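Encoded as structure tokens, the structure appears first; notes follow it.
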Amino acid sequence: MKKLLLLFVFAMCFGINMMAQNFYGGIILGGTTSQVGGDARGGYHKAGIVGGAFAGLNLSSDFDIQMEMKYIQKGSYSTDFENYPADPFLIKLDYVDLPIVMSYNLNKINVNNINLSWLKVELGLCFDFLINYRQEIFGVTVPASNPWRRVVFNTVVGFRVNVKDNIEIGLRAIDSMTSICNSFKEPYNNGNVVYVRRLFGRYGMFNDVLQLALFWKI
């Protein structure tokens, strides 16, 4: 009985140690460029920064799952005076971003005899929690009526390139599926914004973000 107990304890310790070896963590640092669908303007003209930390688990040689917590700047910016008399126009939205991302390593794919083990594709979901906001028209801050929602649901699609053993560079498209502001059942136009529709059939405004960031495993 004692031998069985010792064997069980040894097996548990060995399993925990193996699991620990499959975990990893690190920091994220990079930049964003963004637009807001529904603000009647187009183009990824709003620059921002992103930074935070991540923790992941190697599920196999092909698949990883990664959780992140980061600060990210989103919004919209336009100075198209010719087409939009209300410009300059600014929406500045700062969030705490919580993604869960599944990545697939292309190590089983060869192109022209070149193995793609240095490339990962990723797909995930994330929630944004609003921590700061500002809207300006003609360079003047709009009074704080705060139409902005505190929580937003997003999809994540991208890829990561391994440049060193512990460093990856990733490009992602992060698009909100729920409106970032109060939504309407019918189209809405107040002269400055023209709401559009995405998930659940309601009209609103939606963040569209391109993120380029460094992932450093430490």
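Structure values in brief
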read-out: Single match in LEU98, LEU116 (criterion: aliphatic (A, V, I, L, M), without any contact (Cβ under 8 Å) to a residue 24 or more places away in the chain and surrounded by 13 or more Cβ atoms within 10 Å (Cβ to Cβ)); value: LEU116
read-out: Any hit, segment 16-27, residues being outside any helix (DSSP H, G or I), closer than 28 Å to LEU199 by Cα, at pLDDT 85 or above and out of contact with any Cys (no Cβ under 7 Å at 6 or more places or on another chain); value: no
read-out: Tally of residues being at negative phi and either of a type in the set (S, T, N, Q) or more than 21 Å from the chain's Cα centre (by Cα) (or both) across segment 164-195; value: 19
read-out: Pick from segment 28-72, criterion assigned to a strand (DSSP E or B) and polar (S, T, N, Q), ranking: farthest from ARG198 (Cα to Cα); value: ASN58
read-out: Residue satisfying all of: in segment 59-84; among the hydrophobic types (A, V, I, L, M, F, W, C) and buried (at least 16 other Cβ atoms within 10 Å of the Cβ); farthest from the chain's Cα centre (by Cα) among these; value: MET67
read-out: Looking only at segment 137-152, and only at residues there that are within 26 Å of GLY51 (Cβ to Cβ) and in contact (Cβ under 8 Å) with a residue 40 or more places away in the chain, the one that is nearest to the chain's Cα centre (by Cα); value: VAL152
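The values are calculated or read from the model by the stated rules, or taken from the named source; none is laboratory data. Here the structure is a predicted model, which means the values were calculated and not measured. With ideal geometry, Cβ positions are generated from the backbone for all residues, glycine too; neighbour counts draw on all protein chains shown.
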